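**Student:** The structure under discussion is supplied below as structure tokens; questions concerning it will follow.
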Amino acid sequence: MSTATVLACALLLDAAFGEPRWLWSRLPHPAVVMGRAVAALDRHLNIADMRRIKGVLATLCLASGAVGLAYLIGWFGPVVETLCAAILLAQRSLVQHVQAVGNALRLSIGDGRRMVAWIVSRDCREMNGPQVARAAIESAAENLSDGVVAPAFWFLVAGLPGLLLYKVINTADSMIGYRNEKYQAFGWAAARSDDVLNLIPARLTGLIIAALSNQLRNWGAITLDARAHRSPNAGWPEAAMARALNVALAGPRRYDGTLQPLAWVNETARQDIGPDDIDKAVQMLWRVWAVGLGLVIAIACLPLLPLT
Amino acid sequence: MSNTDNSPFQKGRDHGGGLDAAIMRYGGQRADWIDLSTGINPDPYPVTGLKTQDWTALPDMAAHQSLIRAARKLWAVPDAAAILPAPGASALIARLPLLGSGGRVQITTPTYNEHAAAFAAQGWEICNTGPADARVLVHPNNPDGRLWQATDATAPLTIIDESFCDITPKASLIAQVQNPGCVILKSFGKFWGLAGLRLGFAIAAPDVIDRLANMLGPWPVSGPALRIGAQALENAEWAAQTRARLAMDSMRLDQVMQSAGAALAGGTDLFRLYKVDAAAQWQDRLARKHIWSRIFPYSTTYIRLGMPPANGWARIEAAL
């Protein structure tokens with residue numbers, strides 16, 4: 001079974017089943033296992049001095065561990081490989097989380113605030129309706145890239161090793177890739193690696209969103225917004241999503257008790273948004289997934305074309 | 001959404017009830033509505049014995065100690081652990097994330113949403129599985145009544161929210177408080193039915209309690225709450241009778257709901273969780289008869305009902 005075929009099956013499996021609780025309350029999820037490895041390295045190495053070098057070593061250790069494990073799993077054949085890929089893709093769970101915020105916002109502002117707190121790590125307790133919706137849509141765009149397009153991309157390019165490498169670096173970045181006193185040095189390698197690995201997938205996600213919503217003519221504006229974004233990669237899917245839905249995203253927000261003056265993405269678009277816009281973002285999540293699936297199937301079928 | 005944002009009532013706190021919004025939509029006066037959207041005992045502990053000084057003077061040490069003694073006895077708190085009375089479990093929930101230094105918190109869904117909001121407010125990342133720097137166990141869980149084990153207390157900072165545990169006191173994980181980094185929350189308003197009194201407790205190691213106490217500041221609990229709380233916690237007979245009555249009521253509610261086509265999905269004797277075909281429709285049906293219920297953003301089939309007051313059964317049966 002070719003990589004593309006395995007990926008197509010994995011995409012379908014993940015979309016159908018997501019992350020079933022009956023399974024993951026019994027077994028440790030691979031992301032959990034990766035997290036434990038990162039935590040262990042952090043505990044033992046993120047001390048004393050030469051932390052940046054130790055961080056580089058830790059990241060190399062994680063990367064080689066991931067690649068080695070991938071080869072090991074690969075021995076068990078395409079079925080196991082498909083399952084592994086399905087487990088590490090996150091389309092369904094992303095859709096469920098984002099949709100839940102839209103549903104919550106329809107129930108009450110309090111429900112909306114509490115539901116969005118599950119997917120963003122900041123103070124949601126005084127957000128108004130549009131702010132809740134913005135947070136949900138931004139999270140949808142970013143996680144579409146991190147959780148679906150990027151893993152699929154790296155699997156296609158480098159098989160299970162590529163996928164596991166991406167996931168371990170992404171996990172490490174989310175745990176230690178911060179610019180604070182504790183992680184600035186130790187997490188540097190993980191953070192930069194994550195930036196590199198997301199370069200293509202983030203732009204690819206943005207491209208697909210823009211193509212689907214007839215916004216390719218605005219690609220210049222999308223680029224400008226993405227370059228101004230606080231993250232080197234997340235701005236691409238976010239800017240594209242903002243134009244697809246005709247909404248303004250990002251903008252000033254509360255971080256650590258202060259109002260940070262973040263730049264608006266797609267500033268001139270609608271700011272008074274709500275659950276309907278979240279619904280449209282969810283639809284876009286599925287449409288991008290479908291295009292991705294289509295491309296993967298097309299690649300899988302290439303060998304079947306008659307040679308001239 | 002935006003037209004209700006400016007109302008002072010909405011600012012910062014819009015909780016489980018949403019009864020005000022329901023009244024605006026379906027009409028009627030608050031007094032004729034039956035609010036089943038919470039898990040508060042509809043038959044509260046009788047409020048008696050208040051003295052003028054409870055209202056006029058800053059609460060003194062004796063009142064404070066008397067409440068703590070009663071709590072220690074009722075909940076069999078190990079001697080080495082300390083107790084902090086607070087103005088509601090919610091005042092504690094908001095501050096517990098400050099006990100850690102950020103990172104990941106494991107909160108298993110579905111559960112009471114306020115914990116996630118409190119952690120997110122301090123920049124923590126919320127996840128469904130471990131490993132994590134903190135973990136929240138709502139025990140018994142809201143809305144499904146799930147009970148946890150001592151072995152689930154896996155994180156360096158483990159918060160066990162036993163707000164509804166007075167229904168099944170034997171299930172309490174109070175012994176866990178002997179592990180460093182474990183905090184147990186208790187809520188007075190649920191079982192004793194006096195949610196307006198604003199009284200809750202944190203039980204943990206003395207140094208943790210000291211930190212929480214500093215966050216709350218001096219005299220966090222009102223004189224009347226200290227007085228009524230102490231009386232109520234000492235009254236074992238009332239508690240036993242209440243448990244018996246709530247057990248009967250929950251069986252009766254199950255019968256009523258099941259004969260209307262709902263399936264029992266979980267709960268405790270203070271609230272029951274049902275699975276129906278369309279929860280929003282059931283809520284609407286009940287709301288037209290001025291009975292408010294709780295449905296959830298993450299499910300189109302779950303509906304949760306609290307226990308009705310004694311005079312509410314006829315109306316509920318009629319509505320279904």
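Quick note: the coordinates plus some simple rules give every number you see, no bench work behind them. Remember, it's a predicted structure, so these values are computed and weren't measured experimentally. Methodologically, a virtual Cβ is constructed for each residue, glycine included, from the backbone with ideal geometry; neighbour enumeration extends over all protein chains shown.
**Student:** Given a 10 angstrom Cα cut-off, can you work out which residue in B:F191, B:F296, B:F119 is the most mobile in a GNM of chain B?
**Tutor:** B:F296
**Student:** Kindly state, as a whole number, the per residue volume in cubic angstrom of the convex hull around the alpha carbon atoms of segment A:89-245.
**Tutor:** Output value, Cα hull per residue: 119 Å³.
**Student:** Taking 1 over the mean of 1/r across every pair of different Cα atoms in chain A, what Kirkwood radius in Å do you get?
**Tutor:** The Cα-based Kirkwood calculation yields 20.2 Å.
**Student:** Next question. Grab the alpha carbons of chain B, take their convex hull, and tell me the volume per residue in Å³.
**Tutor:** 145 Å³
**Student:** Still on this structure, please answer the following. Using only C-alpha positions, report the orientation-averaged shadow area of the convex hull of the protein assembly as shown, nm², one decimal.
**Tutor:** Average of the hull's projected areas for the protein assembly as shown equals 31.6 nm².
**Student:** Taking only DSSP H segments of four or more residues, each worth -39500 (n - 2.57), what value at 222 nm results for chain A once the sum is divided by all its residues, to the nearest 500 deg cm²/dmol?
**Tutor:** -23000 deg cm²/dmol
**Student:** What does DSSP give for chain B in terms of the percent of beta bridges that are antiparallel, rounded to the nearest 5?
**Tutor:** In chain B, approximately 55 percent of DSSP beta bridges are antiparallel ones.
**Student:** Which residue, A:L285, A:L144, A:L23, tops the fluctuation ranking in a GNM of chain A built on C-alpha contacts under 10 Å?
**Tutor:** Judging by the Gaussian network model, the answer is A:L23.
**Student:** Also: Using the eigenvalues of the Cα gyration tensor, what equivalent ellipsoid semi-axes result for segment A:7-133 when each is taken as the square root of five times the eigenvalue, whole Å, largest first?
**Tutor:** Working through the eigenvalues yields semi-axes of 33, 25, 11 Å.
**Student:** Hey, what number do you get for chain B at 222 nm if only DSSP H runs of n ≥ 4 count, each worth -39500 (n - 2.57), divided across all residues, to the nearest 500?
**Tutor:** Value at 222 nm, helices only, nearest 500: -10500 deg cm²/dmol.
**Student:** Turning to a different aspect of this structure: Normalising by the residue count of segment B:229-309, find the relative contact order in percent from Cα pairs under 8 Å and 6+ residues apart.
**Tutor:** 25 percent
**Student:** Please state the relative contact order of chain A as a whole percent: Cα pairs under 8 Å, 6+ residues apart?
**Tutor:** Rounded, it is 23 percent for chain A.
**Student:** Evaluate the charge dipole of chain B about its Cα centre and quote only its size in Debye, nearest 20, assuming +1 on the Cβ of each Lys and Arg and -1 on the Cβ of each Asp and Glu.
**Tutor:** The calculation lands at about 340 debye.
**Student:** Something else about it: Charges only on Cβ, +1 for Lys and Arg, -1 for Asp and Glu: so what's the dipole of the protein assembly as shown about the Cα centre, in debye to the nearest 20?
**Tutor:** 80 debye
**Student:** Sticking with this one: In segment A:1-143, with Lys and Arg counted as +1 and Asp and Glu as -1 at Cβ, which of these residues, A:V32, A:H44, A:L7, has the Cα nearest the positive end of the dipole, that is, farthest along it?
**Tutor:** Sorting the options by dipole projection puts first A:H44.
**Student:** Which entries in the list A:K167/B:K275; B:K51/B:K190; B:K186/B:K289; A:K182/B:K190; B:K51/B:K73; B:K170/B:K289 go over 30 Å, if you measure between the two C-alpha atoms of each?
**Tutor:** With Cα atoms farther than 30 Å apart: A:K167/B:K275; B:K186/B:K289; A:K182/B:K190; B:K170/B:K289.
**Student:** Taking the Cα centre of segment A:30-166 as origin, sum charge times position over the Cβ atoms of Lys and Arg (+1) and Asp and Glu (-1), and report the length of that vector in debye to the nearest 20.
**Tutor:** 260 debye
**Student:** Taking every Cα atom in segment B:198-282, find the radius of gyration and the maximum pairwise distance Dmax, and write them in Å.
**Tutor:** For segment B:198-282, the Cα radius of gyration and maximum Cα-Cα distance read 19.5, 52 Å.
**Student:** Contact order normalised by length for segment B:179-320, with contacts defined as Cα pairs under 8 Å and 6 or more residues apart; what percent is it?
**Tutor:** The value is 15 percent.
**Student:** If the elastic network links every pair of Cα atoms under 10 Å, which of A:Y255, A:Y71, A:Y183 fluctuates the most in the Gaussian network model of chain A?
**Tutor:** Greatest mean-square fluctuation among the candidates belongs to A:Y255.
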